[in-house]
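Enquirer: Submitted below is the structure of interest, expressed as structure tokens.
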Ligand SMILES: [Zn+2]
């Protein structure tokens, strides 16, 4: 796939409706899906992210991309359509690390998550894929699948901490369509 063909889109911010409702399963494995994957990669790299879910560029479909180191430091790059997250229970000791999100620009918070995660789904052609993630990749797989379920990482924080982080990001905790300036601010932030 030529990533150079993708178009970088503005990142939707916390508060935009599309981030707060479950995304729809993909049923058409066509050129528009291929274009969405290309645009997700372009948008992720333009924003210097390590993962990006489709609803973060305003598309309510169950697709995400990632370019993210695992526990060995090797970067894993890929995309998943209709992901299903599984935590290997026996090995899922919780790890607390700082986590951030392009949709809550400039902010980070410590969040405990299982240290291993597996995602199954398909590629853009409908062929099965399975990704076993450790390290940052395990966190990324969980973070991006959460996005597709309408959950942003700050939703997992205590309410007072969430409110403070959203305020620091210049965002409102109410779910409402973003103003153009808010969208622009997300786009510029790392
Ligand atoms: Zn995110």
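Enquirer: Does residue 80 meet the test of being at pLDDT 95 or above and farther than 16 Å from residue 138 by Cβ?
Expert: Values: at pLDDT 95 or above: yes; farther than 16 Å from residue 138 by Cβ: no.
Against the criterion (at pLDDT 95 or above and farther than 16 Å from residue 138 by Cβ), residue 80 does not qualify.
Enquirer: Further question on the same structure: Taking region 57-106 on its own, how many of its residues are in a strand (DSSP E or B) and within 17 Å of the chain's Cα centre (by Cα)? Spell out how you get there, then give the answer.
Expert: Here is the first cut: in region 57-106, the ones in a strand (DSSP E or B) are 61, 63-69, 75-86, 94-101, 104-106.
The next check asks that each one be within 17 Å of the chain's Cα centre (by Cα); those that pass are 61, 63-69, 75-86, 97-101, 104-106.
Looking only at that region, the number is 28.
Enquirer: Does residue 63 count as modelled with pLDDT of 95 or more, crowded, with 22+ Cβ neighbours inside 10 Å and within 12 Å of the ligand (Cβ to nearest atom)? Break it down into steps so the answer makes sense when it comes.
Expert: On the way: modelled with pLDDT of 95 or more: yes; crowded, with 22+ Cβ neighbours inside 10 Å: yes; within 12 Å of the ligand (Cβ to nearest atom): no.
When the stated conditions are applied, residue 63 does not pass them.
Enquirer: From the list 48, 5, pick out the single residue that is more than 16 Å from the ligand (Cβ to nearest atom) and out of contact with any strand residue (DSSP E or B) (no Cβ under 6 Å at 6 or more places or on another chain).
Expert: Result: 5 is the single residue among 48, 5 that is more than 16 Å from the ligand (Cβ to nearest atom) and out of contact with any strand residue (DSSP E or B) (no Cβ under 6 Å at 6 or more places or on another chain).
Yes/no per residue for (1) under 20 Å from residue 124 (Cα atoms); (2) assigned to a helix (DSSP H, G or I); (3) at pLDDT 95 or above:
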{"position": "4", "(1), (2), (3)": "yes, yes, no"}
{"position": "7", "(1), (2), (3)": "yes, no, yes"}
{"position": "15", "(1), (2), (3)": "no, no, no"}
{"position": "28", "(1), (2), (3)": "yes, no, yes"}
{"position": "39", "(1), (2), (3)": "yes, yes, yes"}
{"position": "45", "(1), (2), (3)": "yes, yes, yes"}
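Enquirer: Please specify each residue of region 128-142 satisfying the condition of being under 14 Å from residue 113 (Cβ atoms) and more than 11 Å from the ligand (Cβ to nearest atom).
Expert: Going through region 128-142, the residues under 14 Å from residue 113 (Cβ atoms) turn out to be 133-142.
Once the filter is applied, which keeps residues that are under 14 Å from residue 113 (Cβ atoms) and more than 11 Å from the ligand (Cβ to nearest atom), region 128-142 yields 133, 134, 135, 136, 137, 138, 141.
Enquirer: Out of 65, 80, 37, report the one residue that is in contact (Cβ under 8 Å) with a residue 24 or more places away in the chain and touching a helix residue (DSSP H, G or I) at 6+ places or on another chain (Cβ under 6 Å).
Expert: On the way: 80 fails: touching a helix residue (DSSP H, G or I) at 6+ places or on another chain (Cβ under 6 Å); 37 fails: touching a helix residue (DSSP H, G or I) at 6+ places or on another chain (Cβ under 6 Å).
Checking each option against the conditions leaves just 65.
Enquirer: Restricting attention to region 143-167, and to residues there that are assigned to a loop (DSSP other than H, G, I, E, B) and at negative phi, which single residue is farthest from the ligand (Cβ to nearest atom)? Before you say what the answer is, go through the steps one by one.
Expert: Residues of region 143-167 assigned to a loop (DSSP other than H, G, I, E, B): 149-152, 157-158.
The next check asks that each one be at negative phi; those that pass are 149, 151-152, 157-158.
Numbers: 149: 12, 151: 10, 152: 6, 157: 13, 158: 19 Å.
Looking at the filtered set, the residue picked out is 158.
The values are calculated or read from the model by the stated rules, or taken from the named source; none is laboratory data. Since the model is a prediction, treat every value here as computed from it, not as a measurement. Cβ: placed from backbone, ideal geometry, glycine included. Neighbour counts: every protein chain shown.
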